[in-house]
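The values are calculated or read from the model by the stated rules, or taken from the named source; none is laboratory data. Predicted model only: the values in this text are computed from it and were never measured. Neighbour counts run over all protein chains shown; Cβ positions are idealised from the backbone, glycine included. With ligands, DNA and RNA removed, areas are computed over all heavy atoms of the protein, side chains included. Shrake-Rupley method; radii C 1.70, N 1.55, O 1.52, S 1.80 Å.
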Amino acid sequence: MIITDIRTAEVAIPLVTPFRTALRTVEEVRDVLVCVETDQGLQGFGEAPPTGVITGETLESITAAVQGWIRPALLGRDVMELEGIMKALHSCMVKNTSAKAAVDMAVYDLRAKALGVPLWKLLGGYRSQVETDLTVSVNAAGEMVRDSLSAVEQGFRILKIKVGRDSAGDLERLSAIRKAVGPEIRLRVDANQGWEPKEAVRIIRALEDGGVEPELVEQPVKAQDLAGMKLVRDSVLTPILADESVFSAGDAIRLIQLGAADLINIKLMKTGGIYGALQICAIAESCGVECMIGCMLESKLAVSAAAHLAGAKGVITRADLDGPSLCREDPYEGGPVFQGGQISLGDAPGLGFGPELLRTGAIFGKGNAQ
């Protein structure tokens, strides 16, 4: 099954509410879609968001990477020869992990479609349903309480609370949310690199002593400050989750060797796709370290690929795959079913999307066109 073309398009989907973290504010999902075509008429789909503050990529750079570098490297290759394709994909240019991820997931989509099985079964077949949290953006305490209660009403049992803009306000926000939602709702705290190490220790201890009892705290300090993150981990009882600190298998090895975190957050846009994510899963599992699967501001297409990976691997014990729930509309035909906090993967081949990917009938450009 030979790759004959790789085409790109853009999708824009408004968010229900603005997405605010310690790093950025976004009001709509604007992502690059990728379609990989073969000589047998099958199509595989992928998606990549521009997350400049984390991966350094833009809409324009993702499209340019796919069309200018990745497409020439993969045309004429056999989809079923995975190692050769992945070597070509990752060696044709450095970095550009989101662009690579979009093509990577399209290749995996194709392989599973060719075999007539859903991707989660092809990759391991551990579970057919995945439970995700819902992100609550950082805002004034009252607004965050209202957003948290709304999420619980929608059926979410796990909330991911964004903090990191001001430590005093963070304590107020988290305490108010815990009081409002009660003890049965699991709270995950994500500082997005917003605290200094000693500041993080002080805040997390206050959360522990004040009855907030977070399930975990994600990336409390700067991504490159592994020593600082180890200080935090060694000084608190709450598990520490590494996110921006881990892009690759090599990053995972260094983090585990140093003992800098309890958990690793895998995101396909950091790993360059499923192939790299599977390497991190193997390393983490062999070392007894559990993983979360997360997403950037991705729509249903890319999040579906991450959900299939979560369904495949037992070492992935937590999911932060709320991208589709943050979007005001779902423009896609097919794919997993997102209902409240539950994601049902189903038995449709590949990622579950057919030739008519978008209800709006978006046109993928030919060749080097966007």
Just one of the numbered conditions (1) at pLDDT 95 or above; (2) closer than 15 Å to Met105 by Cα; (3) within 18 Å of the chain's Cα centre (by Cα) is not true of Pro349; which one?
-> (3)
Ala73 fails exactly one of (1) farther than 27 Å from Ala310 by Cα; (2) at pLDDT below 95, namely (2)
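If you check Glu285, Glu215, Glu290, which single one turns out to be open to solvent by less than 50 Å² (accessible area, probe 1.4 Å), over 30 Å from Ile13 (Cα atoms), of a type in the set (Asp, Glu) and in contact with a strand residue (DSSP E or B) (Cβ under 9 Å, 6 or more places away or on another chain)? Even if it seems obvious, please write down each step before you answer.
On the way: Glu285 fails: open to solvent by less than 50 Å² (accessible area, probe 1.4 Å); Glu290 fails: open to solvent by less than 50 Å² (accessible area, probe 1.4 Å).
Unique residue meeting the criteria: Glu215.
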Return yes or no: is Arg205 part of a helix (DSSP H, G or I), under 22 Å from Asp320 (Cα atoms) and without any contact (Cβ under 8 Å) to a residue 60 or more places away in the chain?
-> no
Select from region 257-273 the residues that are part of a helix (DSSP H, G or I) and surrounded by fewer than 24 Cβ atoms within 10 Å (Cβ to Cβ) and list them in ascending order.
-> Gln257, Leu258
Would you point out which residue out of Val217, Val201, Val212, Val189 is touching a helix residue (DSSP H, G or I) at 6+ places or on another chain (Cβ under 7 Å) and farther than 22 Å from Arg157 by Cα?
-> Val201
Going through (1) crowded, with 16+ Cβ neighbours inside 10 Å; (2) under 21 Å from Gly276 (Cβ atoms); (3) aliphatic (A, V, I, L, M) one by one, Val26 fails only at (2)
In this structure, is Asn192 within 20 Å of Thr97 (Cα to Cα), part of a strand (DSSP E or B) and either open to solvent by 20 Å² or more (accessible area, probe 1.4 Å) or not hydrophobic (A, V, I, L, M, F, W, C) (or both)?
-> no
Could you list, in sequence order, all residues of region 25-56 that are more than 20 Å from the chain's Cα centre (by Cα) and either farther than 18 Å from Leu351 by Cα or in a loop (DSSP other than H, G, I, E, B) (or both)?
-> Asp39, Gln40, Gly41, Leu42
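Looking at Lys366, Lys300, which is the one that is at pLDDT 95 or above and under 20 Å from Ala99 (Cβ atoms)?
Answer to the selection: Lys300.
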Pairing a residue in region 4-22 that is in contact (Cβ under 8 Å) with a residue 40 or more places away in the chain and assigned to a loop (DSSP other than H, G, I, E, B) with any residue that is basic (Lys, Arg) and surrounded by fewer than 19 Cβ atoms within 10 Å (Cβ to Cβ), where Cβ atoms lie under 9 Å and the two sit 6 or more apart in sequence or on different chains, gives Thr21/Arg165; Ala22/Arg165
Does Glu153 meet the test of being of a type in the set (Asp, Glu), under 23 Å from Pro18 (Cβ atoms) and either at pLDDT 95 or above or surrounded by fewer than 20 Cβ atoms within 10 Å (Cβ to Cβ) (or both)?
-> yes
Out of the residues in region 159-172 that are touching a helix residue (DSSP H, G or I) at 6+ places or on another chain (Cβ under 9 Å) and open to solvent by less than 30 Å² (accessible area, probe 1.4 Å), state the one that is farthest from Val217 (Cα to Cα).
-> Gly169
Can we say Glu333 is open to solvent by 10 Å² or more (accessible area, probe 1.4 Å) and in a loop (DSSP other than H, G, I, E, B)?
-> no
Failed item in (1) within 17 Å of Asp322 (Cβ to Cβ); (2) under 18 Å from the mean Cα position of the chain (by Cα); (3) open to solvent by less than 10 Å² (accessible area, probe 1.4 Å), with Val138 passing the rest = (2)
Hey, can you tell me all the residues within region 87-110 that are open to solvent by 40 Å² or more (accessible area, probe 1.4 Å), free of Cβ contacts under 8 Å to residues at least 60 places away in the same chain and not small (Gly, Ala, Ser)?
-> Lys87, Val94, Lys95
For Ala227, indicate whether it is among the aliphatic types (A, V, I, L, M), under 26 Å from Ile266 (Cβ atoms) and either under 22 Å from the mean Cα position of the chain (by Cα) or not in a helix (DSSP H, G or I) (or both).
-> no
Under 6 Å between Cβ atoms, at least 6 apart or on separate chains: pull out the pairs that start in region 47-75 with a residue that is free of Cβ contacts under 8 Å to residues at least 24 places away in the same chain and end on any residue that is in a helix (DSSP H, G or I) and surrounded by fewer than 20 Cβ atoms within 10 Å (Cβ to Cβ).
-> Ala73/Ala88
Could you tell me which residue of region 226-256 is most open to solvent (accessible area, probe 1.4 Å), considering only residues that are within 28 Å of Ala106 (Cβ to Cβ) and among the acidic types (Asp, Glu)?
-> Asp251
